[in-house]
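Heads up: the structure comes next, in structure tokens.
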Amino acid sequence: MLTQRLKHQAGRRLVLGLPFVWLLVMTAVPALIILQFSISQMDVAKLIPPWSVAQGVLNVRVDLNKYLFLLTDALYIEAYLSSLKFATLNTVLCLAIAYPFAYFMARSPESLRPSLLMAVMLPFWTSFLIRIYSWKGLLANNGVFNNVMMSMGLIHEPIHMLNTPFSLTLGMVYTYLPFMILPLYTTLQKMDLRLLEAALDLGATPWQAFWRITVPLSMNGIVAGSMLVFIPSIGEYVIPELLGGPETLMIGRVLWDEFFGNNDWAMASAVAAVMILLILGPMAIFNKYQRAK
């Protein structure tokens, strides 16, 4: 009996310990390395650690000038604000488009749901880069959209759509829309429809029943989908690089330039550390909401 109990406790520790070790190695350790780089100094192309040992004495030199520079330099402030703006816009647009689609999927016949779910997941079958490059061919001045509209006589000269905030927003919404649809669909599918019937029997209009019952009960899906869209949108690099222009400065492009253009790993790590703090804010709100539930 004692042996079985010990085996059971060892199994529980193993099941709980493996994910903890994975998170520690893949999340905490890289974050600590970035933090160490951000408080280090650069000597030309060499990174000087923030501590050193000389004659048995530990010397610690923490360089916070990069963080002070981030708070005062207009370029970085503009990049952070622009990233927050486009990430928020992307989240709102994805929610506005995904909610009706997820609602329709959840209320459709069960025989049709697998096909609709497959249609949502179908873009993941192709490469992310190929899909973004295809938008370049669609939105270019001599691309598909402009050629079709000119052949139909709707326009007389090409509309400049590529390398604009419009093309960036379109590419981000297209890319992250499935991440909003899937959590909403999962939540709406589990909702008890008898609650809506009871609300209608008590005199509520369909619109009132939707706002007072459906939306509150689907809030978990709304919050989860918003986090899945908002968090990666802040640090997005590929879409701004391929579809954005000079007016669509985002922190992911600045981070790339610091790492591989300026070869300033200390400054790039400070930029990344501040970006992580921006991401932790929405995650803290999400965890607080989950605890309140």
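The values are calculated or read from the model by the stated rules, or taken from the named source; none is laboratory data. Since this is a predicted model, take the numbers as computed values, not measurements. Reconstructed Cβ throughout: ideal geometry from the backbone, glycine too, with neighbour counts over all protein chains shown.
A few points about this structure:
- Flag for THR214 being assigned to a loop (DSSP other than H, G, I, E, B) and touching a Leu at 6+ places or on another chain (Cβ under 9 Å): no
- Residues satisfying the stated conditions in the stretch 184-233, i.e. among the charged types (D, E, K, R) and modelled with pLDDT of 85 or more: LYS190, ARG194, ARG212
- Some residue of the stretch 253-263 being surrounded by 13 or more Cβ atoms within 10 Å (Cβ to Cβ), at pLDDT below 85 and touching a helix residue (DSSP H, G or I) at 6+ places or on another chain (Cβ under 7 Å): yes
- For LEU129: the one exception among (1) exposed (fewer than 13 other Cβ atoms within 10 Å of the Cβ); (2) free of Cβ contacts under 8 Å to residues at least 24 places away in the same chain; (3) within 22 Å of the chain's Cα centre (by Cα): (2)
Yes/no per residue for (1) aromatic (Phe, Trp, Tyr); (2) exposed (fewer than 12 other Cβ atoms within 10 Å of the Cβ); (3) farther than 26 Å from ILE231 by Cβ:
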| residue | (1), (2), (3) |
| --- | --- |
| LEU93 | no, no, no |
| PHE104 | yes, no, yes |
| ARG113 | no, no, yes |
| LEU138 | no, no, yes |
| ILE159 | no, no, yes |
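- Only listed residue being surrounded by fewer than 20 Cβ atoms within 10 Å (Cβ to Cβ), modelled with pLDDT under 85 and of a type in the set (Phe, Trp, Tyr), chosen from TYR237, TYR289: TYR289
- Residues in the stretch 233-269 that are over 28 Å from VAL29 (Cβ atoms) and hydrophobic (A, V, I, L, M, F, W, C): 4 in all.
- Contacts under 6 angstrom Cβ, first residue in the stretch 26-45 being closer than 15 Å to ALA272 by Cβ, partner assigned to a strand (DSSP E or B), 6 or more apart: SER40/LEU47; SER40/ILE48
- Of all the listed residues (LEU228, LEU177, LEU277), the sole one being surrounded by fewer than 17 Cβ atoms within 10 Å (Cβ to Cβ), closer than 20 Å to LEU84 by Cα and under 15 Å from the mean Cα position of the chain (by Cα) is LEU277.
- So PRO165, is it over 29 Å from MET105 (Cα atoms), surrounded by 13 or more Cβ atoms within 10 Å (Cβ to Cβ) and under 20 Å from the mean Cα position of the chain (by Cα): yes
- When residues of the stretch 190-208 are limited to those that are touching a helix residue (DSSP H, G or I) at 6+ places or on another chain (Cβ under 6 Å) and surrounded by 16 or more Cβ atoms within 10 Å (Cβ to Cβ), the one farthest from GLY225 (Cα to Cα): ALA199
- Which numbered condition ALA79 misses (of (1) under 21 Å from MET267 (Cβ atoms); (2) of a type in the set (A, V, I, L, M); (3) in contact with a Phe, Trp or Tyr (Cβ under 6 Å, 6 or more places away or on another chain)): (3)
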